[in-house]
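*Asks:* What follows is a single structure, and I will ask about it in a moment.
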Amino acid sequence: MTAAPLIIFAVLAAVAVASGLAMMLSQNAVYSALFLVINFTVVAVLFLILGAPFIAMLQITVYAGAIMVLFIFVIMLLGGERLPAPQQRLRWQQPLAVVLVLALLALAGYVFAQGAAPAAVLAEPQDYGSPAALGLLLFTKYLFPFEFTSLLLLVAMIGVVVLTAVEERRRRLPRASRRT
Amino acid sequence: MFELAPLVLAFPIAGVLLNLLFGRYLNERWISIIGVAAVGGAFGVAVLQALALAGSGYHAHLALLANWIEVGQLQAPWQLRVDTLSVTMMLLVTGVGMLIHIYASGYMHGDARFARFFIYLNLFITAMLVLVGGDNYLMLFVGWEGVGLCSFLLIGFWYDAGEPSASARVGGEPQAGAGNARAGRKAFVVNRIGDFGLLLAMFMIFWRVGSLQFDAVADYFSVQGAAAGGLATVITLLLLVGVCGKSAQIPLFVWLPDAMAGPTPVSALIHAATMVTAGIYLVARSAVMFELAPVSQMVVALVGATTAFMAGTIALAQYDIKRVLAYSTISQLGFMVAAVGLGGYVAGMFHLLTHAFFKALLFLSAGSVIHGVEHGAHATHAHVDVQDMRVMGGLRSKMPVTFWVYLIGALALAGVFPLAGFWSKDEILADAWHVGMVEGHWHGVLVYVLLALAALSTALYMTRQIILVFFGAPRSEAAAHAHESAPLMTAPLVVLALLSVLGGLLNLPGWHALGTWLEHTHEFFQTGAFNALVAGISTLVALAGIGLGYRVYFLAPRTTADAADALQPALGPMFGFLRGKWFVDELYDAVIVRPFERGARSLAFALDWNFWHDGFHNSVLAAGFRMLAAFLSGPVDKTVIDRLFDALAGAVRVVGSRNLQRLQTGYVRNYALGVVLGVVAVMGYFVSRSI
Amino acid sequence: MIPVNYYLALSAVLFGIGALGVLVRRNALVIFMSIELMLNAANVAFVAFSRQFGELDGQIMVLFVLTVAAAEVAVGLAMIVAIFRTRASINVDELNLLRG
């Protein structure tokens, strides 16, 4: 095994972790969103390395594109870059949260360490991860879940419209008074 | 084509459901189209079944719809039996039913419960088809009860008749209050007695045969032969009780005249053409048993003949146009019952068919007459009983179509050559003659004499009716202003009139189409030989009746509505006896109804109220219970149990909720922390287990 | 080739960061972003396993996760907008009406 792939992976992973941390820590929500974009892009590159070009493109367009644009749009709309007041309540939660997450990671690390070494990665099959292969699977084995996602999206769409629609309060004057 | 058989039921059921679900949104036109199409579809299917039978050697075909009851030995599937007998009945029910549906869509025009009427009619057709199409006695019973229910619903269709809002409706009987509902109830209760007999017969069959399938029963009795004679006698006598109920024979015929409270299409469909003939069908279906029970056969024949004679005489003295036809129906049903009792199953079925034609025709024409007079009464604001023949007269020129078809129907009923009634009635009389004169049974002679007398009175009362209704001068303003009914009503009349003329072709002597057709269902179904002597006597009897009627009623016409009947002087007190319907209703009232009511009242007041309620219940049960309850609620419940649980609840409140309340902070992030805590804990647990 | 364990470790770390973000941040928008990060971490694991076993099913799952994430973001942001209309705030700590 040459070192090159490992170095590439290490660099990408470092960028991903760093951008994730920055997203979590930065006080300005716009920065957070932009760091998240970096994170998503890096992960997309990882997908490419893992032989999932279609998913990588999807990641860029849907996540880094559509969803993050939506985020930034809402941030701008609401003016939610910064929260006005400094944190007062639940101060005690922060250290507890850090400890818990570290414990979680430690447990995960323990499981990795205990687990048997994985079998050698198989050679990439022909057409692996191509849109054609993916589409074939999607429209045969996963046809029903695929169709179902359309319903999900429809429900989400209607939900969004209902939630954000401004209640129209037209106070119509009675006809008699309008005539005067 | 046999696989289409279930459709014969599906069509009317679809009609019921469509009108039930959507009837309120549809106008009369569509409701009646749905109703007629449902029956028409069933008729089409029945025709196809008949063709299929003819094309496949006339063998009975069974069509399994679903399994119904399977308990041990008892197997009662929903199974249709397509054989020549059932197909004949299906054709009759759906064919005549369709014509009556068409007529009803005109007759019921403007009624507030138009859709309901067609729902009931289609439901009736469904039940009737189950009755005649079923392959076992249980299915027959389901249909039997179904038609009974529909009959009850339709007799009381104008259950509010007599109230001011309903009195103005077209064709409505101006009876007081809930008279129609009472008539429906009477029919239902009287029929219950018959049904009881049928049920007992079914129990007997299942007990001894172990099956209710027609084939199995037939096989059992064919194999057992004379050895099962006693059993067959018991079963058939019980069946006879059922027949008496449904087909209005002595002693259970009293419900049929009252059933005329229903709308006229109902009288025609249910109480003349189809339902009341179910008894004849039942006897024909159970022919194997009756053949083994000569005693039962004799009783059946005598009951039928006596009924024919008695009802025929009562019809002589009635003034209500529909009531005359009702007694005439009872009388003709008596003919059929007598026929099947004498073993003349083909003759009975033949008369059943022709009678369905001309009696439906007569009822529908009577409805047309009532309709016309009602219009007249409405136009002149005259308050008359529109069904009373005394206020009619001279309608021949006002309602020409109705007059001609009525005349055809009356002649057919009177048995005039060559109309349908002549052939079928003659066949019955020939069978009676054969049993009495050739085979030498005394009851054959008696039956023949009774039936001949009934035939004489038939001709007489039909002549009387025709003359009273259509001839002479109008005896009221309403009759003077009557007019012909709409084509929607007269068209079915013309078709039925044609059938009444040509119906005799079904089983013409020497051809015997019906006989050879029914023969395939059962070897007992044989047509008797044509007897020229009997035919001659019948014709003479019919002509004598008509001549007598002509002499009594036409030559001395009734001039005013309240004049005495022309027959009254000749008969004297006899006429009052006939007019009072032999006082059978009064007899039942005195012997059964009133003692029953008195007994019920004494049981209710003396035993139930005074003794059980006031005495035992109040002083023993209630007082004791109250004491016990006071004890339990006071010392036991309030002091011990209540305090215990109050204390328990208080402890929980103090210990638990005060402290646990704090956990619910309302902060989402707090809850998320809880989730992560749980994840770590569960993961930790699994990891620690794996170590 | 990189062993699949490395990817899983990366996935775990990213998931942890996301979880931490949900727990410590008050800004509803950032909380949502953290949730997206967690979903993304799961995606990494899916794709890695998919590659490991040479089956495409994992990638299909990513596709569905993407769909669900899109729907969730849309509805979630709509809810934030709706809440902002009534409370004029996107601070989740001010939303404690359900307090016991």
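The values are calculated or read from the model by the stated rules, or taken from the named source; none is laboratory data. Since the model is a prediction, treat every value here as computed from it, not as a measurement. Here Cβ is always computed from backbone atoms with ideal geometry, including for glycine, and neighbour counts include all displayed protein chains. Surface accessibility is based on the protein's heavy atoms, side chains included, excluding ligands, DNA and RNA. Shrake-Rupley method; radii C 1.70, N 1.55, O 1.52, S 1.80 Å.
*Asks:* Show the residues, 5+ positions off or on another chain, whose built amide H is closer than 5 Å to the amide H of residue B:61.
*Replies:* The answer is B:82, B:83.
*Asks:* What is the list of residues in region C:57-79 whose amide nitrogen lies under 20 Å from a point 7 angstrom out from the Cα of residue C:85, following Cα to Cβ?
*Replies:* Within reach of a label on residue C:85: C:72-79.
*Asks:* For region B:647-657, what does the Karplus curve 6.51 cos²θ - 1.76 cosθ + 1.60, with θ = phi - 60°, yield as ³J(HN,Hα) per residue in whole Hz, taken in order and with x for Gly and Pro?
*Replies:* 5, 4, 5, x, 4, 4, 4, 5, 6, x, 5
*Asks:* Semi-axes of the equivalent ellipsoid for region A:34-85, please: Cα gyration tensor eigenvalues, times 5, square-rooted, ordered largest first, whole Å.
*Replies:* Each semi-axis is the square root of five times an eigenvalue, giving 28, 11, 5 Å.
*Asks:* Shifting gears a bit: At 7 Å along the Cα-to-beta-carbon direction for both residue A:31 and residue A:114, put a label point, then send me their distance in nm to one decimal.
*Replies:* Rounded to a tenth, the inter-label distance reads 4.0 nm.
*Asks:* Measure off, as a whole percent, the carbon and sulfur share of the 1.4 Å-probe accessible area of the protein assembly as shown, all protein chains present.
*Replies:* Here it works out to 71 percent.
*Asks:* Between residue B:668 and residue B:609, what is 0.36 nm times their sequence separation minus the Cα-Cα distance? Round to one decimal in nm.
*Replies:* Extra length from residue B:668 to residue B:609 when fully extended: 14.4 nm.
*Asks:* Cross-link list B:186/B:581; B:322/B:581; B:186/B:246; B:322/B:359; B:246/B:425; B:246/B:359: which exceed 19 angstrom alpha carbon to alpha carbon?
*Replies:* Listed pairs above 19 Å: B:246/B:425.
*Asks:* What list of ³J(HN,Hα) couplings, whole Hz, do you get for region C:67-82 from phi and the Karplus terms 6.51, -1.76, 1.60, once you set θ to phi - 60° and write x for glycine and proline?
*Replies:* Running phi through 6.51 cos²θ - 1.76 cosθ + 1.60 with θ = phi - 60° gives 4, 4, 4, 4, 4, 5, 4, 4, 5, x, 5, 4, 5, 4, 4, 5 Hz.
*Asks:* Using a simple spin-label model with points 7 Å from Cα along the Cα→Cβ vector, what separation in nm is obtained for residue B:69 and residue B:3?
*Replies:* The two pseudo-label positions are separated by 3.1 nm.
*Asks:* Go ahead and collect, in residue order, the members of region B:571-588 whose backbone nitrogen is under 17 Å from a label point 7 Å along the Cα-Cβ direction of residue B:598.
*Replies:* B:586-588
*Asks:* Under 17 Å from the Cα of residue B:638, which aspartates and glutamates turn up, not counting those fewer than eight places away in the same chain?
*Replies:* Partners found: B:646.
*Asks:* If I take R0 = 22 Å and measure r between the Cβ atoms of residue A:144 and residue B:679 in this structure, what FRET efficiency does the formula 1/(1 + (r/R0)^6) give, to the nearest 0.05?
*Replies:* Calculated value: 0.10.
*Asks:* Within the P(r) computed for chain B, what percentage of the Cα pairs occupies the region above 42 Å?
*Replies:* Numbers: 83925 of 238395 pairs.
Tail fraction, whole percent: 35.
*Asks:* How high is the FRET efficiency between residue B:550 and residue B:488 when r is their beta carbon distance and R₀ equals 45 Å, given to the nearest 0.05? Write out the running numbers ahead of the final one.
*Replies:* Working: r = 34 Å, r/R0 = 0.75.
Result of the calculation: an efficiency of 0.85.
*Asks:* Please give the residues from region C:1-21 for which the solvent-accessible area of heavy atoms, probe 1.4 Å, is smaller by at least 30 Å² with all protein chains in place than with the chain isolated.
*Replies:* Those residues are C:1, C:2, C:5, C:6, C:7, C:10, C:12, C:13, C:14, C:16, C:17, C:20.
*Asks:* Would you mind calculating the gained length between residue B:582 and residue B:530 on full extension (0.36 nm times residue separation, minus the Cα-Cα distance), in nm to one decimal?
*Replies:* Working: separation 52, 0.36 × 52 = 18.72 nm, distance 3.54 nm.
That pair, residue B:582 and residue B:530, stretches by 15.2 nm at full extension.
*Asks:* Same structure, new question: Just check region C:4-89 against the gyration tensor rule for me: Cα atoms, a ≥ b ≥ c as the square roots of the eigenvalues, rounded for a/c under 1.5, and otherwise prolate or oblate depending on whether a/b exceeds b/c.
*Replies:* Oblate, because a/c is 1.5 or more while a/b does not exceed b/c.
*Asks:* Once amide H atoms are placed 1.01 Å from N in the peptide plane, what residues at a sequence separation of 5 or more from residue B:134, or on another chain, have their amide H within under 5 Å of its amide H?
*Replies:* Long-range HN contacts for residue B:134: B:81.
*Asks:* List the residues of region B:638-666 for which accessible area in the full set of protein chains is at least 10 Å² lower than for the chain on its own; 1.4 Å probe, protein heavy atoms only.
*Replies:* SASA drop of 10 Å² or more in region B:638-666: B:661, B:664, B:665, B:666.
*Asks:* Right, another one. What distance in nm separates the simple spin-label points at residue A:77 and residue B:226, each placed 7 Å from Cα in the Cβ direction?
*Replies:* Rounded to a tenth, the inter-label distance reads 10.1 nm.
*Asks:* Is the shape of region B:585-664 rounded, prolate or oblate, going by the alpha carbon gyration tensor and its root eigenvalues a ≥ b ≥ c, with a/c under 1.5 for rounded and a/b larger than b/c for prolate?
*Replies:* Numbers: a/c = 14.05, a/b = 3.03, b/c = 4.64.
Oblate is the answer for region B:585-664, as a/c is 1.5 or above yet b/c matches or exceeds a/b.
*Asks:* Once amide H atoms are placed 1.01 Å from N in the peptide plane, what residues at a sequence separation of 5 or more from residue B:75, or on another chain, have their amide H within under 5 Å of its amide H?
*Replies:* For residue B:75, the qualifying residues are B:212.
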